1. Filter region 172-207 for residues that are open to solvent by 60 Å² or more (accessible area, probe 1.4 Å), assigned to a loop (DSSP other than H, G, I, E, B) and touching a residue at least 12 places away in the same chain (Cβ under 8 Å) and give the result.
2. Please indicate, with yes or no, whether at least one residue in region 292-306 is loosely packed, with under 14 Cβ neighbours inside 10 Å, farther than 15 Å from Cys220 by Cβ and of a type in the set (Val, Ile, Thr).
3. Among the residues of region 245-261, are any under 19 Å from the mean Cα position of the chain (by Cα), more than 24 Å from Ala295 (Cβ to Cβ) and of a type outside the set (D, E, K, R)?
4. Please work out which one of (1) open to solvent by less than 10 Å² (accessible area, probe 1.4 Å); (2) part of a helix (DSSP H, G or I) is the condition Glu23 fails and give its number.
5. Which one of Gly88, Gly92, Gly143 is free of Cβ contacts under 8 Å to residues at least 24 places away in the same chain and open to solvent by 20 Å² or more (accessible area, probe 1.4 Å)?
6. I need a count of the residues in region 28-52 that are open to solvent by 10 Å² or more (accessible area, probe 1.4 Å) and in a helix (DSSP H, G or I).
7. Name every residue in region 210-219 that is crowded, with 21+ Cβ neighbours inside 10 Å and not small (Gly, Ala, Ser), in order of residue number.
Amino acid sequence: MHLAQGLHLGYCTNVHRGETWDETWRALREHTLRVKERVCPRGPYGIGLRLGAAAARELADPARLTEFRHWLDANDCYVFTLNGFPYGPFHGERVKEAVFRPDWSTPERLAYTNQLFDLLAELLPPGVPGSVSTLPGSHKTFGVGADELNAIFENLRRCREHIEKVATATGHDLHLGLEPEPLGLFETSGETLKFFGLYYDRHPQDRDFFRFIGLNYDTCHLAIEFEEPGRALERITGAGIRLSKLHFSSALRLVPTPANLARLAGFDEPVYFHQVIASHGPSQPLRRFKDLPDALRFASGATPAELGEEWRVHFHIPLHAEPGGDFGSTRDHLLGAMDWLARQPQKCAHIEMETYTWEVLPAELRSGDVADQVVREYEWTLAELGARGLAPIEP
């Protein structure tokens, strides 16, 4: 939907199952339209569309694409951003490290992302900028050496050329947002600056790179890194990196007491990565665990001093729902990012709520069915944005 200051808000449809185009469109008809009816019944409604590789190939068929465009127009909807992080299946089976494959060292990731921009350019309304989000190059455990890093930079350069070609031909403002994630090739604001700086060191003539390639800032991911949102966002944008999109999301936080660790075991599920980062205090290095089972195994034999002062867990929880008990959330980081955006809304036009974990949430954190949950997230988000002068524009 359209917000004040030229912003666009939507929720990411990766919360719904859908690997083929027919499955994806069915979810839009069955869930997304229900959400629109309740949160934006009379105005243009922005969709953050997740398209996996299979669905993207099928939607590229001209007849299907035309049919979808007609459906968007008939229902007063528009697509302004695509989630291009998960290439393959994202629900109902082990995702974990597979969500980083193929990574940016491969031709498959390049071809898939280029196709997403081709599709997005066909779907965007005039005057609306378009973004695609993607993984942060690769994953630290994949053994990225000099050859792989060179391939990542080369494929990003070629993607930038494709985006520029499509943008020039269509007149759209198009950009790709790389998304830092715990244990991704880059995960903190400092590693982000280093990654982009390395690219520019190797391609100093590519001055348009930062016009088309930027960052998707996920408030869950940077909160898990114990970063302060205003400082992190200023570091990133102050270095000339474009803020392609803001992901509004929230994660678990807890003091690692025996009771809390026993409860945390209930969040261990087999589908998604749930990286854990432990803080031992402001002057001590962070301890990182690849996944929640690794952290729980470590905890079973660790002393209180070894466990640290606070754990933050990559488990997306609904924006409106605190986990209760002795568990907290990283909502303060999300609110800090909202404060930053309210001060300088020209820095980022795209906001996407992303809580893809509905199917694996503990029952006490679910709000009715998935559409009910998304509506409650909208209600919370719109109230907070409205308090900061970023309310929806009335039709």
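1. Once the filter is applied, which keeps residues that are open to solvent by 60 Å² or more (accessible area, probe 1.4 Å), assigned to a loop (DSSP other than H, G, I, E, B) and touching a residue at least 12 places away in the same chain (Cβ under 8 Å), region 172-207 yields only Asp173.
2. Yes.
3. yes
4. Condition (1) is where Glu23 drops out.
5. Gly143
6. 9
7. Of everything in region 210-219, those that are crowded, with 21+ Cβ neighbours inside 10 Å and not small (Gly, Ala, Ser) turn out to be Phe212, Ile213, Leu215, Asn216, Tyr217, Asp218, Thr219.
Table: residues versus (1) touching a strand residue (DSSP E or B) at 6+ places or on another chain (Cβ under 8 Å); (2) aromatic (Phe, Trp, Tyr).
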{"residue": "Thr24", "(1), (2)": "yes, no"}
{"residue": "Lys36", "(1), (2)": "yes, no"}
{"residue": "Cys40", "(1), (2)": "yes, no"}
{"residue": "Tyr45", "(1), (2)": "yes, yes"}
{"residue": "Gly52", "(1), (2)": "no, no"}
{"residue": "Arg57", "(1), (2)": "no, no"}
{"residue": "Glu67", "(1), (2)": "no, no"}
{"residue": "Leu72", "(1), (2)": "yes, no"}
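The values are calculated or read from the model by the stated rules, or taken from the named source; none is laboratory data. Since we're looking at a predicted model, the values are computed, not measured. All Cβ positions, even for glycine, are placed from backbone atoms using ideal geometry, and neighbour counts span all protein chains on display. Heavy atoms of the whole protein, side chains included, go into the accessibility calculation; ligands, DNA and RNA do not. Shrake-Rupley method; radii C 1.70, N 1.55, O 1.52, S 1.80 Å.
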